[in-house]
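Chemist: Got a structure for you, written out below as structure tokens; questions coming shortly.
The values are calculated or read from the model by the stated rules, or taken from the named source; none is laboratory data. What you are looking at is a predicted structure, and each value in this text was computed from that prediction instead of being measured. Don't worry about glycine lacking a Cβ; one is built from the backbone with ideal geometry, like all the others, and counts go over all protein chains shown.
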Amino acid sequence: MLDAAIEAIERHGVGVTVKQIADRLGLPRPVVYRHFNGRSDLDEQVRARILELLLAELEPALHPDGTVAEAVRHAVGTYLGWVDRHPRLHHFLGAGRHHERVTGSPVVSGARDAIAAQLAALFTEALAHFGKDASFARPMAFGVVGLVDGVVNAWRSDPASAVTPAEVTSRLTDSLLALFESNAGVLGISVHADTPVRELLRGP
């Protein structure tokens, strides 16, 4: 049922109705409602399913390999690629059925926190190998996720934008590399675009 709802969103956008979902299933609308505690519950469960599909695609990119630049570009590019292929699903994650911005969605917040926590674990591991204080790893990780989320949301919300996904990926990659290099430099750790990720996780 949730997958049918996702297919309906892909076709009709965030204004999808329960009738359109029911029609896709070949069921009367009341039958669909019996499975949920109202429309808000339906929307939230659909968001959970969308995020499950997104995270399954994104998960391999959250285990970095190659150089720092390659790892960052791969992670950002994977996310941007999904958003570009599923713009209506991305919109639905942040918009209600009346096209109003969703605030406080537990599943959306939970997914964002999970990604940030995984990134924080990587930062903590790298800092520990270099014998550095890792207390700023978590705030930095959440800042990175917020930066990517904010840039992508602003880009997708501008219908007049001529910026391509490849350009957004490139700009975000460059911005994140500069952020990593400058913050690592403050701690006395040398990080550059061509630094192998394994060296950072293994330490000196």
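Chemist: In this structure, is residue 108 at pLDDT 95 or above, surrounded by 13 or more Cβ atoms within 10 Å (Cβ to Cβ) and out of contact with any Pro (no Cβ under 9 Å at 6 or more places or on another chain)?
Modeler: Taking the combined requirement at face value, the residue does not satisfy it.
Chemist: Can you spot a residue in the stretch 68-81 that is of a type in the set (Lys, Arg), assigned to a helix (DSSP H, G or I), buried (at least 18 other Cβ atoms within 10 Å of the Cβ) and within 16 Å of the chain's Cα centre (by Cα)?
Modeler: Within the stretch 68-81, one or more residues are of a type in the set (Lys, Arg), assigned to a helix (DSSP H, G or I), buried (at least 18 other Cβ atoms within 10 Å of the Cβ) and within 16 Å of the chain's Cα centre (by Cα).
Chemist: Report the residue count in the stretch 151-192 for those that are under 16 Å from the mean Cα position of the chain (by Cα), part of a helix (DSSP H, G or I) and over 12 Å from residue 68 (Cβ atoms).
Modeler: Residues in the stretch 151-192 being under 16 Å from the mean Cα position of the chain (by Cα), part of a helix (DSSP H, G or I) and over 12 Å from residue 68 (Cβ atoms): 10 in total.
Chemist: Return the residues of the stretch 2-60 that are of a type in the set (A, V, I, L, M, F, W, C), farther than 20 Å from residue 80 by Cα and out of contact with any helix residue (DSSP H, G or I) (no Cβ under 6 Å at 6 or more places or on another chain); say none if nothing qualifies.
Modeler: 27, 31, 42
Chemist: Something else: Looking at 94, 15, 26, 81, which one is under 23 Å from residue 148 (Cα atoms) and either modelled with pLDDT under 95 or touching a Gly at 6+ places or on another chain (Cβ under 9 Å) (or both)?
Modeler: Step by step, each of 94, 15, 26, 81 is checked, and only 94 is under 23 Å from residue 148 (Cα atoms) and either modelled with pLDDT under 95 or touching a Gly at 6+ places or on another chain (Cβ under 9 Å) (or both).
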